[in-house]
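Undergrad: Here you go, one structure.
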Amino acid sequence: MMEPSNEAAAAALDAARDFAARHVVDAAASFELERRYPAELVPLAGKAGLLGLMAPVEDGGRGLGLGDTAMVAQVLAAADMGLAFSLKVHANFSASLARVGSPDQRKRYLADMLAGRRIGAFLLTEPDVGSDATSITTSARRTASGWVLSGEKAWITNGVAAGLMQVFAQTDPAQGWRGIASFLVEGDAPGVERLPAYGLLGGYGAGVCGIRLNDVAVGEDALFLAPGEAFKGAMRGINIARVGVAAMCCGMMESSLDHALGAVAGRSAFGQPIGDFQGVQWMLADASTDLEATRLLTRAAAAAFDAGQDAVVACAHAKKFAARAAGKAISDCMQVMGARGIRLDDGHPLARHLAAARLTHWLDGATEIQNVVIARALMRPRRVAP
Ligand SMILES: Cc1cc2nc3c(=O)[nH]c(=O)nc-3n(C[C@H](O)[C@H](O)[C@H](O)COP(=O)(O)OP(=O)(O)OC[C@H]3O[C@@H](n4cnc5c(N)ncnc54)[C@H](O)[C@@H]3O)c2cc1C
């Protein structure tokens, strides 16, 4: 994608390559075939320093910017997008815990999060509320000693094994988004009910499930982001995550292209190598162009964010383009491999990548919501020239 910006970033990238080669590439098909979340890999990712990429060095993280963490996401997603997303959700949560957690919250949870002894999850979406996240109905009621949380969350990455959850809940429906707060809830707190894992082709590595909160009582010290701050915090996190998703699409496209090039070099039809047919070459050329374009948009969005700009539109452009490009490019790479391209159990990741590319159309905001963001910026009232 681009060069790491410093030695710490280069070390993180090496660690990601080593982690993927040793623990993910060969195992990933089994996540799908056995429908399992590989929770055992999270502490190994912690050992490799992949769980605190954006957390400050003084807290035990790597202190990287968004561009460098995007490169790590690309490497991990080339091996398995579901697991890459799981680790990204966790690492983003660790970074915000380090940044805005109270001294007590940081002391209680940060070391365990960075080591992967607790797995982090972000609980915003609900069964009846996705894109329109200001309308969540999970409630937070004040009590004498803290809060009681009630409601149901859906589509929770890492939910099946989460040890620490950031739960978004409404404290006062009359306040709309300003009433939403977030709370830190331990995975085994009384009243936390995990629903069965989702059947999710291309996404078993993300451990997605629903979570019901049955009057979960938490203390005052569980408040993570106060009403008025939580929704803004969620949107900031989602913005960062969109760049990560775009980078993951780059990883899946690059890996698909590599496998397709290998496959067409090694097979013949009608008396000539398949790779000599111009129709095949052009599909691969188009996939390569889409990969280049996605890389550039991803890099631009990350650079804008790292330069301190809000980068909301750049992140939306990158994520929208990446999801669309990945679906087409991976599908074309699969096509030139012949029918073996669709197999989950043939030693290549294309079927997983193709299914995961579909998932990216909803991760961190539907593709249409990226268009809402882009169109809103386009349609902003302009100053009319005198
Ligand atoms: C693999 C995976 C992991 C996820 N992990 C998490 C997680 O960890 N935590 C979490 O909180 N959520 C998570 N999500 C949920 C994700 O954020 C939502 O799926 C997403 O926000 C879209 O919401 P929805 O699926 O409810 O779609 P809806 O909001 O019901 O929308 C349905 C469709 O309507 C269209 N649409 C909606 N609004 C508009 C509009 N304004 N203009 C035009 N079209 C529109 C879009 O086509 C959209 O796909 C995850 C999702 C997936 C697929």
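Undergrad: Pull out all pairs, ordered by first then second residue, where Cβ-Cβ is under 6 Å, the residues are six or more apart or on different chains, the first lies in the range 65-88 and is free of Cβ contacts under 8 Å to residues at least 60 places away in the same chain, and the second is assigned to a helix (DSSP H, G or I).
TA: From residues that are free of Cβ contacts under 8 Å to residues at least 60 places away in the same chain, the pairs are Leu87/Ala45.
Undergrad: To continue, here is another question. Restricting to the range 270-294, name every residue that is in contact with a Phe, Trp or Tyr (Cβ under 9 Å, 6 or more places away or on another chain) and open to solvent by 30 Å² or more (accessible area, probe 1.4 Å).
TA: If the condition is that a residue be in contact with a Phe, Trp or Tyr (Cβ under 9 Å, 6 or more places away or on another chain) and open to solvent by 30 Å² or more (accessible area, probe 1.4 Å), then Phe270, Phe277, Asp290, Ala293 are the ones that fit.
Undergrad: Report, by residue number, each residue of the range 89-111 that is in contact (Cβ under 8 Å) with a residue 60 or more places away in the chain and of a type in the set (D, E, K, R).
TA: Of everything in the range 89-111, just one residue is in contact (Cβ under 8 Å) with a residue 60 or more places away in the chain and of a type in the set (D, E, K, R), namely Asp104.
Undergrad: Checking the conditions here, which among Ala269, Ala222 is more than 28 Å from the chain's Cα centre (by Cα) and at pLDDT 95 or above?
TA: Every option except Ala269 fails the conditions.
Undergrad: Does any residue of the range 164-176 turn out to be within 12 Å of the ligand (Cβ to nearest atom) and in contact (Cβ under 8 Å) with a residue 60 or more places away in the chain?
TA: Yes - at least one qualifying residue is present in the range 164-176.
Undergrad: Which one of Ala73, Ala78, Ala48 is under 17 Å from the mean Cα position of the chain (by Cα) and open to solvent by 10 Å² or more (accessible area, probe 1.4 Å)?
TA: Going through Ala73, Ala78, Ala48 in turn, just one is under 17 Å from the mean Cα position of the chain (by Cα) and open to solvent by 10 Å² or more (accessible area, probe 1.4 Å): Ala78.
Okay, residues lined up against (1) in a helix (DSSP H, G or I); (2) under 23 Å from the mean Cα position of the chain (by Cα); (3) at pLDDT 95 or above:
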{"residue": "Gly237", "(1), (2), (3)": "yes, yes, no"}
{"residue": "Ala247", "(1), (2), (3)": "yes, yes, yes"}
{"residue": "Cys250", "(1), (2), (3)": "yes, yes, yes"}
{"residue": "His259", "(1), (2), (3)": "yes, no, yes"}
{"residue": "Arg295", "(1), (2), (3)": "yes, yes, yes"}
{"residue": "Thr298", "(1), (2), (3)": "yes, yes, yes"}
{"residue": "Ala302", "(1), (2), (3)": "yes, yes, yes"}
{"residue": "Ile330", "(1), (2), (3)": "yes, yes, yes"}
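Undergrad: If we keep just the residues of the range 34-76 that are among the basic types (Lys, Arg) and touching a Ser or Thr at 6+ places or on another chain (Cβ under 9 Å), which is nearest to Leu201 (Cα to Cα)?
TA: Per the stated criteria, the residue is Arg36.
Undergrad: Also: Quick one: in the range 350-386, of everything that is out of contact with any helix residue (DSSP H, G or I) (no Cβ under 6 Å at 6 or more places or on another chain), away from the ligand (no atom under 16 Å from the Cβ) and not charged (D, E, K, R), which residue is nearest to Leu201 (Cα to Cα)?
TA: Among those that are out of contact with any helix residue (DSSP H, G or I) (no Cβ under 6 Å at 6 or more places or on another chain), away from the ligand (no atom under 16 Å from the Cβ) and not charged (D, E, K, R), it is Pro381.
Undergrad: Same structure again: Which of (1) within 24 Å of Met235 (Cα to Cα); (2) open to solvent by 80 Å² or more (accessible area, probe 1.4 Å); (3) among the β-branched types (Val, Ile, Thr) is the odd one out, the single condition Val313 does not satisfy?
TA: With (1) within 24 Å of Met235 (Cα to Cα); (2) open to solvent by 80 Å² or more (accessible area, probe 1.4 Å); (3) among the β-branched types (Val, Ile, Thr) applied to Val313, the lone miss is (2).
Undergrad: Same structure again: Please state which of the following conditions Gly199 fails to meet, knowing it meets all the rest: (1) touching a Leu at 6+ places or on another chain (Cβ under 9 Å); (2) over 30 Å from Asp104 (Cα atoms); (3) within 16 Å of the ligand (Cβ to nearest atom); (4) not β-branched (Val, Ile, Thr).
TA: For Gly199, the exception is condition (1).
Undergrad: Taking into account only those residues within the range 136-159 that are farther than 15 Å from Leu223 by Cα and open to solvent by 50 Å² or more (accessible area, probe 1.4 Å), which is nearest to the ligand (Cβ to nearest atom)?
TA: Trp155
Undergrad: Is it the case, given these coordinates, that Ala189 is at pLDDT 95 or above, among the small types (Gly, Ala, Ser) and not in a helix (DSSP H, G or I)?
TA: So Ala189 passes the test.
Undergrad: What residue, among those in the range 41-59 that are in a loop (DSSP other than H, G, I, E, B) and hydrophobic (A, V, I, L, M, F, W, C), is farthest from the ligand (Cβ to nearest atom)?
TA: Ala48
Undergrad: Scan the range 90-110 and give yes if some residue there is basic (Lys, Arg) and crowded, with 24+ Cβ neighbours inside 10 Å, otherwise no.
TA: No, the conditions are met nowhere in the range 90-110.
The values are calculated or read from the model by the stated rules, or taken from the named source; none is laboratory data. Everything numeric in this text was worked out from a predicted model, so none of it was measured. Ideal geometry is used to build each Cβ from the backbone, glycine not excepted, and the neighbour counts take in all protein chains shown. Each accessible area value is taken on the protein alone, full model and side chains, heavy atoms only, with ligands, DNA and RNA left out. Shrake-Rupley method; radii C 1.70, N 1.55, O 1.52, S 1.80 Å.
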